[in-house]
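One structure is given here, and the rest of the page talks about it.
The values are calculated or read from the model by the stated rules, or taken from the named source; none is laboratory data. Note that the coordinates shown come from a computational prediction; the quantities given were computed from them, not determined experimentally. Methodologically, a virtual Cβ is constructed for each residue, glycine included, from the backbone with ideal geometry; neighbour enumeration extends over all protein chains shown. Note: areas computed on protein heavy atoms with side chains; ligands, DNA, RNA excluded. Shrake-Rupley method; radii C 1.70, N 1.55, O 1.52, S 1.80 Å.
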Amino acid sequence: MADDKVADDKVADDNVTGGEAALAFIGRAVNEVVDRLGDVDRQAMEMVLLLHRVTNVIVYDLESTVHRPAGWSWSAFRAVFTLWVSGGLEPSKLAELSGMSRQAVSALARTLQADGLIDRVAVVDDGRSVLLSLTLDGRSRIEQVFRHHNAREREWAAALSPAERITLTKLLGKLASAGQQPWVSHRF
């Protein structure tokens, strides 16, 4: 009987496309896990699944419509954007602020330097450390690309009313603050 229910749900999922299928799957996943395990926090599970899904869709959209056509990856954008906002940074600080691993920043910095977007300069006080900063071309490129990036952000934000945007931003900020708790695992 349970196999029939799964088959019926699969057929229902096959009749919707794209985002509708993903939302249908999330609903089905929550129901299935609750049925199988019983004592699951349904709201917490649904919140995290939806947050993950929405984040992935937005990042993919920005990367495919803005950043790949501009000639760089999402990771390259995050690094260049972080340097644009913060100024010169040591690689470990760039990793922390951009949410990347130190190893990813190290590999990416070599590519961005070869592309003429960043400079790598030895730190005067510490011969082992380097400071990464944008070149004039890097600044020019991020300013140009960010205008397109922000136009796409505006399209995404248009799905919500101004009041809903404020509420969502506050709630996401509150959730981000929970990331400072000692039980949260960090990559940096």
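Remark: residue 97 falls outside the filter, which requires a residue to be open to solvent by less than 70 Å² (accessible area, probe 1.4 Å) and in a helix (DSSP H, G or I). The set of residues in the stretch 172-188 that are open to solvent by less than 60 Å² (accessible area, probe 1.4 Å) and not in a helix (DSSP H, G or I) comprises 179, 184.
Each row is one residue, and each column tells you yes or no for (1) in a helix (DSSP H, G or I); (2) touching a strand residue (DSSP E or B) at 6+ places or on another chain (Cβ under 6 Å); (3) at pLDDT 95 or above; (4) closer than 30 Å to residue 29 by Cβ.
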| position | (1), (2), (3), (4) |
| --- | --- |
| 80 | yes, no, yes, no |
| 116 | no, no, yes, no |
| 146 | yes, no, yes, no |
| 156 | yes, no, yes, yes |
| 170 | yes, no, yes, yes |
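Scanning the stretch 149-166 for residues that are open to solvent by 90 Å² or more (accessible area, probe 1.4 Å) and either of a type in the set (A, V, I, L, M, F, W, C) or touching a Gly at 6+ places or on another chain (Cβ under 7 Å) (or both) turns up 156, 166. Can residue 115 be described as open to solvent by 80 Å² or more (accessible area, probe 1.4 Å) and closer than 19 Å to residue 70 by Cβ? Answer is yes for this residue.
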